[in-house]
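Participant: Take this structure, written in structure tokens, and hold onto it; I'll ask about it next.
The values are calculated or read from the model by the stated rules, or taken from the named source; none is laboratory data. Only a predicted model underlies this, so the values are computations on that prediction, with no experimental measurement involved. Heads up, the Cβs are rebuilt from the backbone with ideal geometry, glycines too, and the neighbour counts pull from every protein chain shown.
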Amino acid sequence: MGTRNRAERTPRIQESGLETTGMAATRKGISQSAVHEAIRDGRLPAYRVSGPGRATYLLRPQDVDAVWPDEPAKDLPDLNLPSPS
């Protein structure tokens, strides 16, 4: 597997219904370090898979969506901030 590139490995991950931290970060428009921080803080559950050289985290997309929803929460207060000039 050492000679296979990431693009060749991705279909197997996608077939599992899981995504890597990089895939989640790209899909949500956030940094991969933010995803790792959420895992480390316990806010985002992840499966740790050991591989050659380092471990990889696999995530359920619905867990990622729970931490970073696509739409802003509706129960946030309106801050009535001035428009940027």
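Participant: Can you tell me which residue among Ala38, Ala34, Ala46, Ala66 is in contact with a strand residue (DSSP E or B) (Cβ under 6 Å, 6 or more places away or on another chain) and small (Gly, Ala, Ser)? Talk me through it step by step, then tell me what you get.
Facilitator: On the way: Ala38 fails: in contact with a strand residue (DSSP E or B) (Cβ under 6 Å, 6 or more places away or on another chain); Ala34 fails: in contact with a strand residue (DSSP E or B) (Cβ under 6 Å, 6 or more places away or on another chain); Ala66 fails: in contact with a strand residue (DSSP E or B) (Cβ under 6 Å, 6 or more places away or on another chain).
After applying the criteria, what remains is Ala46.
Participant: Ala34 passes all but one of (1) modelled with pLDDT under 95; (2) out of contact with any Ser or Thr (no Cβ under 8 Å at 6 or more places or on another chain); (3) surrounded by 10 or more Cβ atoms within 10 Å (Cβ to Cβ); which number fails?
Facilitator: Among (1) modelled with pLDDT under 95; (2) out of contact with any Ser or Thr (no Cβ under 8 Å at 6 or more places or on another chain); (3) surrounded by 10 or more Cβ atoms within 10 Å (Cβ to Cβ), the lone unmet condition for Ala34 is (1).
Participant: Considering only the stretch 18-31, state which residues are buried (at least 16 other Cβ atoms within 10 Å of the Cβ), of a type in the set (D, E, K, R) and in a helix (DSSP H, G or I).
Facilitator: Residue satisfying the conditions is Lys28 alone.
Participant: Separate question: Just a yes or no: is a residue in the stretch 76-84 at positive phi, at pLDDT below 95, exposed (fewer than 10 other Cβ atoms within 10 Å of the Cβ) and among the polar types (S, T, N, Q)? Before the answer, list the steps.
Facilitator: Start the filter on the stretch 76-84 by keeping residues that are at positive phi, which leaves 80.
From what is left, the residues that are at pLDDT below 95 are 80.
Okay, now just the ones that are also exposed (fewer than 10 other Cβ atoms within 10 Å of the Cβ), so 80.
Going one step further and asking which of them are among the polar types (S, T, N, Q), we end up with 80.
Within the stretch 76-84, one or more residues are at positive phi, at pLDDT below 95, exposed (fewer than 10 other Cβ atoms within 10 Å of the Cβ) and among the polar types (S, T, N, Q).
Participant: Only one of these is in contact with a Leu (Cβ under 9 Å, 6 or more places away or on another chain), under 13 Å from Thr21 (Cβ atoms) and modelled with pLDDT under 95: Val64, Val49. Name it. So that I can check it myself, show each step before the final result.
Facilitator: Working: Val64 fails: modelled with pLDDT under 95.
None of the others qualify; the one that does is Val49.
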